[in-house]
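The values are calculated or read from the model by the stated rules, or taken from the named source; none is laboratory data. Computed from a predicted model, the values in this text were never measured in an experiment. Cβ placement follows ideal geometry from the backbone for every residue including glycine, while neighbour counts extend to all protein chains displayed.
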Amino acid sequence: MRILKPAAMAAALVFAAVTAHAADLPDLKGRSVVAVTENAYTPLNFADPKTGEGIGWEYDAFNEIARRLNLKVEWKLSSWDTMIQGVREGQYDVGMDGITINDERKQQVAFSDPYMVSEQFMLVRADEKRFTDAASFKDNKDLLVGAQAGTTNFYVAVYNVLDGDENNPRIKLFDTFGASVQALKAGDVDLVLMDKTSANGYIGTNKGAFKIIGGPLGSEEFGFILKQGSDLVGPINAAIKSLKDDGTFDKLNQKWFFDYNNQQ
């Protein structure tokens, strides 16, 4: 009889527990699903600068969910402003793009359980000294904020930083989230709001270009979106719990918010 050393025994027990938990998940028999994202939200989803391939936290997370549920995933790309409509109409089975769970969107699509909690922070250029928080930004009428229309970042800019006017000329709109960050880097705007994990991603991949100032301006939960009434909601929620329980999400956080940055 082989005697396991304590470390090996512990690893074996963890593997057995994970395997047993995974075995409790629904088997969807190789069903095909179409998943959609934007490839513009580092490090959740973006194009690999070396290969052009879509990579990121959400890709890894949903691919692992699909593996555990025995799903086959076909990935598609969509702009943010058409993604929710595409999922609502059944063009895609599941969508993801750091999408905040809120009551307005629940009228259009179904949400999974949260897979990430996001707080909005102020990303600025590394040499920024004109303001230190939302109040001092608001007081300087010459300063501009970049945002993507209809996103959480846009609404936080409107209601948490400025005066509640969605047509405020100090908000410069961009077609993609990534474009707003490039405008910040180029000096065309002075602030972009984003969750801290993504902010750290941009800081890590643009050495010496950006920094975070001030404290959090709100908290949101991210979820996958699906067509209302989709029978995938329950299995995906079960898989999300599985990935949380066995530490897979923690490993993805380490990979994309820390390790990936340090390799660039």
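Listing for the model above:
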{"quantity": "Subset tally (residues that are over 11 Å from the mean Cα position of the chain (by Cα), crowded, with 21+ Cβ neighbours inside 10 Å and not hydrophobic (A, V, I, L, M, F, W, C)) for the range 32-53", "calculated": "0"}
{"quantity": "Top-ranked residue in the range 124-178 [being hydroxyl-bearing (Ser, Thr, Tyr) and at pLDDT 95 or above; ranked as nearest to residue 45 (Cα to Cα)]", "calculated": "132"}
{"quantity": "Looking only at the range 137-157, and only at residues there that are in a helix (DSSP H, G or I) and either in contact with a Gly (Cβ under 9 Å, 6 or more places away or on another chain) or not basic (Lys, Arg) (or both), the one that is surrounded by the fewest Cβ atoms within 10 Å (Cβ to Cβ)", "calculated": "139"}
{"quantity": "So residue 124, is it in the same structural domain as residue 202 (by TED's automatic domain parsing), of a type in the set (A, V, I, L, M) and not in a strand (DSSP E or B)", "calculated": "no"}
{"quantity": "Top-ranked residue of the range 91-113 - restricted to ones that are assigned to a loop (DSSP other than H, G, I, E, B) and small (Gly, Ala, Ser), ranked as nearest to residue 220 (Cα to Cα)", "calculated": "98"}
{"quantity": "Of all residues making up the range 173-215, the number that are surrounded by 19 or more Cβ atoms within 10 Å (Cβ to Cβ), of a type in the set (D, E, K, R) and over 20 Å from the mean Cα position of the chain (by Cα)", "calculated": "1"}
